[in-house]
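In what follows, a single structure is set out as structure tokens and then discussed.
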Amino acid sequence: MKKLLLLAMILLLTACGNDGNGSDTPDDETQEPTEESSEMASDEGGATEASEIVEEAEAAWGDTVSYEARQTSTISSSEGQYAVRTITTRGEQNEIKVEVDDGRQIQTHYIVDGEHFIYQEGNIEAQDQSLGLEGSTYGDLLTQLEPLSEGAVSEQDEGYEIRYEISSREDTIPFFDDEVESAIQDVGVFNGLVTVQFNEEYQYVGAELTLTVGSDQEEINITSNISMDRIGEIDLIEKPKEM
């Protein structure tokens with residue numbers, strides 16, 4: 001069970017975290033959706049494809065850097081439940097803040113110009129390992145949604161929702177790197193659903209994940225909810241006065 005729990009944590013962090021490949025180079029010019037692109041997405045009244053929604057989002061907001069993401073994630077098994085809440089704030093400058101609350105303690109991680117700091121209970125501690133911010137911009141998060149292009153679209157009152165069903169291990173592979181793909185080879189049960197919400201301007205504004213992994217003898221349920229806010233509006237992150 002401990003091995004399966006560890007795997008569940010890896011899957012959760014990989015599928016819903018802010019890790020990915022991309023550039024962290026800011027660009028102050030944010031492109032708005034054009035009338036022509038909006039007409040293309042609607043396909044002259046026809047059904048909108050998930051790939052069109054993702055493409056429109058990348059075209060309109062791919063150069064956007066900053067955002068605030070609030071995420072609540074829970075892993076449940078026969079042995080109990082583990083929940084963690086995070087608030088990720090990415091500024092226009094070369095810095096990011098991640099507040100992590102696991103129900104027992106709150107740690108706030110800062111990456112500023114490649115330097116990693118942890119702030120906890122009024123104390124700040126520099127970490128030995130430097131970290132880059134590759135893959136952390138809002139535009140980078142949009143590229144990580146590309147596997148959802150195979151999902152189904154439903155129009156909402158204020159935008160669109162893409163639903164991507166997971167019924168096998170193969171359905172999850174597009175979301176993972178080679179290391180995670182290798183780790184899930186022996187896992188027999190994969191069932192779940194990813195839903196991603198976009199507003200009328202094709203901004204990615206939220207997501208939900210439900211996933212069951214394991215075998216007939218032991219299973220773990222993973223749920224995660226993400227809301228995106230302050231997109232393209234954060235110049236500098238708030239930092240402790242000691243930094």
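Evaluation of Asp24 against the conditions (1) within 27 Å of Pro240 (Cβ to Cβ); (2) modelled with pLDDT of 50 or more shows that the sole unmet condition is (2).
Here is a check on your reading of the model: is Gly159 in contact with a Phe, Trp or Tyr (Cβ under 7 Å, 6 or more places away or on another chain), surrounded by 14 or more Cβ atoms within 10 Å (Cβ to Cβ) and of a type in the set (Gly, Ala, Ser)?
Values: in contact with a Phe, Trp or Tyr (Cβ under 7 Å, 6 or more places away or on another chain): yes; surrounded by 14 or more Cβ atoms within 10 Å (Cβ to Cβ): yes; of a type in the set (Gly, Ala, Ser): yes.
For Gly159, the condition - in contact with a Phe, Trp or Tyr (Cβ under 7 Å, 6 or more places away or on another chain), surrounded by 14 or more Cβ atoms within 10 Å (Cβ to Cβ) and of a type in the set (Gly, Ala, Ser) - is met.
With the condition kept exactly as written, say whether any residue in the stretch 220-230 is within 25 Å of Ser168 (Cβ to Cβ), at pLDDT 90 or above, assigned to a strand (DSSP E or B) and open to solvent by 60 Å² or more (accessible area, probe 1.4 Å). Yes; the residues of the stretch 220-230 include at least one that is within 25 Å of Ser168 (Cβ to Cβ), at pLDDT 90 or above, assigned to a strand (DSSP E or B) and open to solvent by 60 Å² or more (accessible area, probe 1.4 Å).
If a residue has to be in a helix (DSSP H, G or I) and among the hydroxyl-bearing types (Ser, Thr, Tyr) to count, how many in the stretch 143-176 make the cut? If you could, list the steps in order and put the result at the bottom.
So in the stretch 143-176, the residues in a helix (DSSP H, G or I) come out as 143, 146-150, 169-175.
Imposing the further condition that a residue be among the hydroxyl-bearing types (Ser, Thr, Tyr) reduces the set to 143, 149, 172.
Selection size over the stretch 143-176: 3.
Summed over the stretch 78-99, the residues that are assigned to a strand (DSSP E or B) and surrounded by fewer than 17 Cβ atoms within 10 Å (Cβ to Cβ) give a count of 6. I need the full set of residues from the stretch 231-242 which are aliphatic (A, V, I, L, M) and surrounded by 13 or more Cβ atoms within 10 Å (Cβ to Cβ), in order please. Those that are aliphatic (A, V, I, L, M) and surrounded by 13 or more Cβ atoms within 10 Å (Cβ to Cβ): Ile231, Ile234, Ile237.
In the stretch 104-145, the residue that is farthest from Ser66 (Cα to Cα) out of those that are of a type in the set (Ser, Thr, Tyr) and open to solvent by less than 40 Å² (accessible area, probe 1.4 Å) is Thr108.
The values are calculated or read from the model by the stated rules, or taken from the named source; none is laboratory data. Keep in mind that what you see is a predicted model, and the values were worked out from it rather than measured. Using ideal geometry, Cβ is built from the backbone for each residue, glycine included, and neighbour counts are taken over all protein chains shown. Surface areas here come from the heavy atoms of the whole protein model, side chains and all, with no ligands, DNA or RNA. Shrake-Rupley method; radii C 1.70, N 1.55, O 1.52, S 1.80 Å.
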